[in-house]
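Only one structure is covered here, and it is reproduced in the block below.
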Amino acid sequence: MLFQELGKLKRSSIMTSIILMAVGIIMIICPPQYINMLVSALGYGMMTLAAVMVMDFLSSRKVLMNYIYLTGALILGLLGIAVLTLDDIVRVIGIVFGLVLIGTGVSGIVRAWMYARRAERKNWWVLALLSFVMVVFGVLLLINPWWKEIKQLFEVIGCMLLYSAAVSIVRTIFLWPFKGE
């Protein structure tokens with residue numbers, strides 16, 4: 001039973017990374033005339049995910065971790081509304097993806113330090129370095145020094161999503177505790 005759940009978790013993590021790669025590729029190759037439609041889909045997707053997370057909270061046990069997920073869901077819903085309603089959408093999208101990259105990168109550094117180093121994996125520092133580069137990408141998106149056009153920003157975000165998904169797959173494979181399945 002435990003191994004089945006761990007297998008589901010591994011498949012889910014890899015599928016999420018594949019979906020992020022697909023979204024990154026779509027953002028890179030999206031023609032300029034369809035960008036507004038893609039931005040609307042992003043906003044509606046964020047609001048839908050927030051609604052699903054809130055419903056999941058309502059059906060779960062009321063423990064501290066679930067309240068933290070609820071807070072994240074409410075923030076995600078507010079960001080989705082901001083993406084749909086604000087006029088300066090380039091800045092909002094840059095902030096959203098920058099914060100997500102910083103959060104993912106910091107989480108990756110902590111995982112590399114806590115799990116890979118303590119498990120005495122030889123190259124645990126590679127995971128920390130890849131995650132640190134992700135944090136740098138997130139800070140670059142927050143500063144947004146070069147990308148004033150939405151098409152340029154979408155291409156940069158698409159490339160960063162591809163990198164983030166690749167790092168996630170490497171992290172999942174590297175940290176997975178079972179060698180022979």
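The values are calculated or read from the model by the stated rules, or taken from the named source; none is laboratory data. Note that the structure is predicted; figures quoted are calculated from it, not measured. For neighbour counting, all protein chains shown are included, and Cβ atoms are generated from backbone atoms with ideal geometry for every residue, glycine included.
Is it true that some residue in segment 91-101 is over 26 Å from MET37 (Cβ atoms) and either loosely packed, with under 15 Cβ neighbours inside 10 Å or modelled with pLDDT under 80 (or both)? Checking segment 91-101: not a single residue is over 26 Å from MET37 (Cβ atoms) and either loosely packed, with under 15 Cβ neighbours inside 10 Å or modelled with pLDDT under 80 (or both). Would it be correct to say that TYR163 is hydroxyl-bearing (Ser, Thr, Tyr), in contact (Cβ under 8 Å) with a residue 24 or more places away in the chain and farther than 20 Å from VAL23 by Cα? Judged against the criteria, TYR163 is not a match. Are any of the residues in segment 8-21 more than 17 Å from the chain's Cα centre (by Cα) and either in a helix (DSSP H, G or I) or under 17 Å from ILE93 (Cβ atoms) (or both)? Within segment 8-21 (the criterion being more than 17 Å from the chain's Cα centre (by Cα) and either in a helix (DSSP H, G or I) or under 17 Å from ILE93 (Cβ atoms) (or both)), the answer is yes, since at least one residue qualifies. Report whether or not ALA128 is at pLDDT below 85 and either within 17 Å of ILE173 (Cβ to Cβ) or touching a strand residue (DSSP E or B) at 6+ places or on another chain (Cβ under 8 Å) (or both). No; evaluated as a whole, the condition is false for this residue.
Scanning segment 105-116 for residues that are surrounded by 19 or more Cβ atoms within 10 Å (Cβ to Cβ) and more than 13 Å from THR172 (Cα to Cα) yields a single hit, GLY105.
To keep it simple, each residue is scored yes or no on (1) touching a Lys or Arg at 6+ places or on another chain (Cβ under 7 Å); (2) over 30 Å from TRP124 (Cα atoms); (3) of a type in the set (Lys, Arg).
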position	(1), (2), (3)
GLY45	no, yes, no
LYS62	no, yes, yes
TYR69	no, no, no
LEU74	no, yes, no
ILE81	no, yes, no
LEU84	no, yes, no
ARG91	no, yes, yes
ILE95	no, no, no
LEU99	no, no, no
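Every residue, every condition in (1) more than 21 Å from SER164 (Cα to Cα); (2) at pLDDT below 90; (3) among the hydrophobic types (A, V, I, L, M, F, W, C), yes or no:
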site: PHE3; (1), (2), (3): yes, yes, yes
site: LEU6; (1), (2), (3): yes, yes, yes
site: LYS10; (1), (2), (3): no, yes, no
site: SER17; (1), (2), (3): no, yes, no
site: VAL23; (1), (2), (3): no, yes, yes
site: VAL39; (1), (2), (3): no, yes, yes
site: MET47; (1), (2), (3): yes, no, yes
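If you go through segment 74-130 and keep only what is closer than 17 Å to ILE157 by Cα and acidic (Asp, Glu), you end up with just ASP88. Being of a type outside the set (D, E, K, R), under 22 Å from LEU141 (Cα atoms) and at pLDDT 85 or above is a condition met by at least one residue of segment 63-72.
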